[in-house]
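Novice: Once you've had a glance at the structure underneath, I'll fire off some questions.
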Amino acid sequence: MNAREHLLVCLAEEAAEVVQAVTKALRFGLHDSYPGYAGGLTNEEAVYAELNDLLAVVEMLEDDGSLTPFMGVQSRGQKQAKVRKFMEHARRNGALE
(Lines give C-alpha, C1' and ligand atoms only; values in the text may rest on other atoms or scores of the structure.)
Protein backbone atom coordinates (compact mmCIF):
# COMPACT_ATOMS: atom_id res chain seq x y z
CA MET A 1 0.00 0.00 0.00
CA ASN A 2 1.34 3.42 -0.87
CA ALA A 3 0.74 6.71 0.96
CA ARG A 4 -2.15 7.72 -1.32
CA GLU A 5 -3.93 4.42 -0.73
CA HIS A 6 -3.34 4.72 3.01
CA LEU A 7 -4.86 8.21 3.06
CA LEU A 8 -7.83 7.02 1.00
CA VAL A 9 -8.45 4.25 3.55
CA CYS A 10 -8.25 6.89 6.30
CA LEU A 11 -10.76 9.00 4.35
CA ALA A 12 -13.20 6.08 4.12
CA GLU A 13 -12.81 5.39 7.86
CA GLU A 14 -13.44 9.03 8.73
CA ALA A 15 -16.50 9.11 6.47
CA ALA A 16 -17.87 6.07 8.33
CA GLU A 17 -17.22 7.82 11.65
CA VAL A 18 -19.21 10.85 10.43
CA VAL A 19 -22.10 8.52 9.60
CA GLN A 20 -21.91 6.94 13.05
CA ALA A 21 -21.89 10.31 14.83
CA VAL A 22 -24.83 11.57 12.75
CA THR A 23 -26.92 8.46 13.38
CA LYS A 24 -26.28 8.77 17.13
CA ALA A 25 -27.44 12.39 16.95
CA LEU A 26 -30.59 11.29 15.13
CA ARG A 27 -31.28 8.54 17.65
CA PHE A 28 -30.59 10.45 20.85
CA GLY A 29 -30.59 14.14 19.92
CA LEU A 30 -27.83 16.61 19.15
CA HIS A 31 -27.43 17.78 22.74
CA ASP A 32 -27.32 14.36 24.36
CA SER A 33 -24.03 12.97 25.58
CA TYR A 34 -23.07 9.58 26.88
CA PRO A 35 -20.38 9.35 29.56
CA GLY A 36 -17.27 7.80 28.08
CA TYR A 37 -18.44 8.07 24.46
CA ALA A 38 -16.40 10.36 22.24
CA GLY A 39 -14.59 11.85 25.22
CA GLY A 40 -17.82 13.04 26.82
CA LEU A 41 -18.75 15.26 23.88
CA THR A 42 -22.35 16.01 23.02
CA ASN A 43 -23.57 14.39 19.82
CA GLU A 44 -23.38 17.78 18.14
CA GLU A 45 -19.75 18.18 19.19
CA ALA A 46 -19.00 14.63 18.06
CA VAL A 47 -20.45 15.35 14.60
CA TYR A 48 -18.25 18.44 14.29
CA ALA A 49 -15.20 16.54 15.56
CA GLU A 50 -15.69 13.78 13.01
CA LEU A 51 -16.27 16.28 10.20
CA ASN A 52 -13.07 18.04 11.23
CA ASP A 53 -11.18 14.74 11.11
CA LEU A 54 -12.62 14.01 7.66
CA LEU A 55 -11.63 17.44 6.34
CA ALA A 56 -8.14 17.03 7.80
CA VAL A 57 -7.63 13.88 5.71
CA VAL A 58 -9.09 15.60 2.63
CA GLU A 59 -6.55 18.37 3.15
CA MET A 60 -3.74 15.82 3.39
CA LEU A 61 -4.88 14.27 0.10
CA GLU A 62 -4.93 17.73 -1.48
CA ASP A 63 -1.49 18.55 -0.09
CA ASP A 64 0.08 15.44 -1.59
CA GLY A 65 -1.61 16.04 -4.95
CA SER A 66 -3.96 13.04 -4.75
CA LEU A 67 -7.06 15.25 -4.76
CA THR A 68 -7.46 18.53 -6.58
CA PRO A 69 -9.56 21.07 -4.67
CA PHE A 70 -12.71 21.68 -6.68
CA MET A 71 -15.52 22.67 -4.30
CA GLY A 72 -15.38 26.43 -4.21
CA VAL A 73 -18.03 28.65 -2.70
CA GLN A 74 -20.12 28.50 -5.87
CA SER A 75 -20.19 24.67 -5.87
CA ARG A 76 -21.24 24.57 -2.22
CA GLY A 77 -23.98 27.08 -2.95
CA GLN A 78 -25.16 24.92 -5.84
CA LYS A 79 -25.24 21.86 -3.57
CA GLN A 80 -27.19 23.77 -0.93
CA ALA A 81 -29.74 24.86 -3.55
CA LYS A 82 -30.12 21.26 -4.70
CA VAL A 83 -30.65 20.01 -1.14
CA ARG A 84 -33.25 22.75 -0.51
CA LYS A 85 -35.03 21.80 -3.75
CA PHE A 86 -35.31 18.16 -2.69
CA MET A 87 -36.33 19.12 0.85
CA GLU A 88 -39.22 21.08 -0.66
CA HIS A 89 -40.12 18.07 -2.82
CA ALA A 90 -40.13 15.84 0.30
CA ARG A 91 -42.27 18.45 2.12
CA ARG A 92 -44.83 18.46 -0.71
CA ASN A 93 -44.97 14.66 -0.62
CA GLY A 94 -45.51 14.59 3.15
CA ALA A 95 -42.18 12.93 3.90
CA LEU A 96 -40.79 16.03 5.63
CA GLU A 97 -42.56 18.20 8.18
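Yes or no, residue by residue, for (1) surrounded by 11 or more Cβ atoms within 10 Å (Cβ to Cβ); (2) closer than 21 Å to GLU14 by Cβ; (3) touching a strand residue (DSSP E or B) at 6+ places or on another chain (Cβ under 6 Å):
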| site | (1), (2), (3) |
| --- | --- |
| HIS31 | no, no, yes |
| THR42 | yes, yes, yes |
| ALA49 | yes, yes, no |
| ASP63 | no, yes, no |
| THR68 | no, yes, no |
| GLY77 | no, no, no |
| VAL83 | no, no, no |
| HIS89 | yes, no, no |
| ALA95 | no, no, no |
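Novice: State yes or no: is VAL19 under 30 Å from PRO69 (Cα atoms), in contact with a Cys (Cβ under 9 Å, 6 or more places away or on another chain) and not charged (D, E, K, R)?
Specialist: Working: under 30 Å from PRO69 (Cα atoms): yes; in contact with a Cys (Cβ under 9 Å, 6 or more places away or on another chain): no; not charged (D, E, K, R): yes.
So VAL19 fails the test.
Novice: Just one of (1) at pLDDT 95 or above; (2) hydrophobic (A, V, I, L, M, F, W, C); (3) surrounded by 12 or more Cβ atoms within 10 Å (Cβ to Cβ) trips up ALA38, so point out which.
Specialist: (1)
Novice: Quick one: would you say LEU51 is of a type in the set (A, V, I, L, M) and modelled with pLDDT of 95 or more?
Specialist: Details: of a type in the set (A, V, I, L, M): yes; modelled with pLDDT of 95 or more: yes.
Spelling it out, LEU51 is indeed of a type in the set (A, V, I, L, M) and modelled with pLDDT of 95 or more.
Novice: Pick from segment 13-29 the residues that are within 15 Å of LEU51 (Cβ to Cβ), of a type in the set (Gly, Ala, Ser) and out of contact with any Asp or Glu (no Cβ under 8 Å at 6 or more places or on another chain): which of them is surrounded by the fewest Cβ atoms within 10 Å (Cβ to Cβ)? Explain how you work it out, then say what you get.
Specialist: Looking only at segment 13-29, we keep the residues that are within 15 Å of LEU51 (Cβ to Cβ), and these are 13-25.
Narrowing further to those that are of a type in the set (Gly, Ala, Ser): 15-16, 21, 25.
Filter once more, so that each one left must be out of contact with any Asp or Glu (no Cβ under 8 Å at 6 or more places or on another chain): 15-16.
Numbers: ALA15: 14, ALA16: 12.
So the residue we want is ALA16.
The values are calculated or read from the model by the stated rules, or taken from the named source; none is laboratory data. None of the values given here were measured: they were computed from a predicted structure. When we count neighbours, we look across all protein chains shown, and the Cβ atoms used for this are built from the backbone with ideal geometry, even at glycine.
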